[in-house]
Structures are given as structure tokens and as C-alpha cells.
Amino acid sequence: MIEKFSQNSSQQLALFPIKNKDVSLSFTGQRISSDGGLLLLRELDNKLGLIESISACIKDTRDHRYIDHEMQELIAQRVYQIAAGYEDCNDSNALREDMVVKMCAGRLPQTGDDLASQPTMSRLENQASRTDLFHMGIKLLDNFIDSYSREPKAIILDCADTNTNTHGQQELSLFNHYYDEHCYMPLHIYEGLSGKLITT
């Protein structure tokens, strides 16, 4: 669909509004972004509500008098940055003013306040407790179950770990002899027939 859409660059694609402002995606304009595809990912999340439900799992212990970034904005910023290939929290410093990332987090691209910086992102990643992470896993499982309109005849669990190499003194990074690297090793559980993610 995107390929067909891009062949006729005069077309525009209407997206979910941000703070009651209309948003459209086109292939023309003076200010463009190489990360415009994130807006389509945002469309998907607006339908699924995953970022909202996962954000609600984290117990926010911050003093609300001094909060500039709501939990859902922080999670959205982190998720969309990772989806675009900006995995390091340090990338937040460069991307906090990025118009597309701001829009994905629910802020206006030019007049909205900047997003969170690296220290805020690092605090976010260290704030989630094991209980919070467990509840996030349940939300992913609920999303998987809701993806079926009727009960499937069979579900095959496909468990796959994925090494993510680390460099330097990253927290909780361990040496893996099989990969001969320091890495993180998240375990993903997929449904083997459909390929749908069940939980991580």
C-alpha cells in the first residue's frame, strides 16, 4: 500500500490527530524526516493501545509537582526511538527535539515542549520493578489473545532468545559463551503458526 501511495506523491494520508490538530502524511514538503514511517507505527498503536496499557503497569513514584514528562510519553518516546533503530538512551538527547518522535509521543512537532533527555530515560529504565515487568508481560499476552476473533484450533509456543550485543559497562549485561560477546538475552515467545508475539 505504501509503495502505491508513494508513486503518486500528490496524495496525502490522514492520520490520528495530535492535541486536536490534523496530521497528514505526504511525500512532499520543505521539512521532511527519514523517520516518517514511525507515524504509521503510531497509527497501529492507536488501534492496539499497547503503549497506553504498558505505561499503566509502571508504578509512578515521582513527585507529580515536578513532572515534565508523563509516563505514557516516556514509554512512547522510548518505544518509537528503539523502533527507528535508536536503541541507546543517549540518542534521546539528539531526538528530544525531533518532530516525528515528538508527534509519536503526543506532542506538537514545533510548538510542543521537547521530549525527555538521556538521564530521564535512564531513570525510566531503572524504575520498573519486577512486578511492573510481569504486568507488562500480561498486557502483551492479553493483546495476543484479543488478536483472535475466535478460539484457534491449536497454539504452538515458539520460544526464541535473541542476543543483543552490548559495549562498555552496560547494566545487567552478561558474557555469553555461545555468542562470545557481552550481551542482553531477551526471551521472546511467539505463536508458531501465525508468528504473532505472545510475550517477552
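The values are calculated or read from the model by the stated rules, or taken from the named source; none is laboratory data. All values reported here derive from a predicted model rather than from experimental measurement. Don't worry about glycine lacking a Cβ; one is built from the backbone with ideal geometry, like all the others, and counts go over all protein chains shown. Side chains included, ligands, DNA and RNA excluded: accessible areas come from the protein's heavy atoms. Shrake-Rupley method; radii C 1.70, N 1.55, O 1.52, S 1.80 Å.
Test of understanding: among SER129, SER117, which residue is of a type in the set (Ser, Thr, Tyr) and touching a helix residue (DSSP H, G or I) at 6+ places or on another chain (Cβ under 6 Å)? It would help to see each step written out before you state the result.
On the way: SER129 fails: touching a helix residue (DSSP H, G or I) at 6+ places or on another chain (Cβ under 6 Å).
Going through SER129, SER117 in turn, the sole match is SER117.
Could you look through region 76-96, keep only residues that are in a helix (DSSP H, G or I) and touching a residue at least 40 places away in the same chain (Cβ under 8 Å), and pick out the one that is surrounded by the fewest Cβ atoms within 10 Å (Cβ to Cβ)? Reasoning before the result, please.
Filtering region 76-96 down to residues in a helix (DSSP H, G or I) leaves 76-83, 91-95.
Still in the list and also touching a residue at least 40 places away in the same chain (Cβ under 8 Å): 77-78, 80, 83.
On the way: GLN77: 27, ARG78: 22, TYR80: 26, ALA83: 16.
In this case the residue turns out to be ALA83.
Answer with yes or no whether LEU157 is open to solvent by 60 Å² or more (accessible area, probe 1.4 Å), over 26 Å from GLU87 (Cα atoms) and touching a residue at least 40 places away in the same chain (Cβ under 8 Å). Even if it seems obvious, please write down each step before you answer.
Values: open to solvent by 60 Å² or more (accessible area, probe 1.4 Å): yes; over 26 Å from GLU87 (Cα atoms): yes; touching a residue at least 40 places away in the same chain (Cβ under 8 Å): yes.
Yes.
Go through region 57-75 and count every residue that is crowded, with 17+ Cβ neighbours inside 10 Å and either in contact with a strand residue (DSSP E or B) (Cβ under 8 Å, 6 or more places away or on another chain) or of a type outside the set (Asp, Glu) (or both).
Quick first cut of region 57-75, residues crowded, with 17+ Cβ neighbours inside 10 Å only: 57-58, 69, 71-75.
From what's left, either in contact with a strand residue (DSSP E or B) (Cβ under 8 Å, 6 or more places away or on another chain) or of a type outside the set (Asp, Glu) (or both): 57-58, 69, 71-72, 74-75.
Counting residues in region 57-75 that are crowded, with 17+ Cβ neighbours inside 10 Å and either in contact with a strand residue (DSSP E or B) (Cβ under 8 Å, 6 or more places away or on another chain) or of a type outside the set (Asp, Glu) (or both) gives 7.
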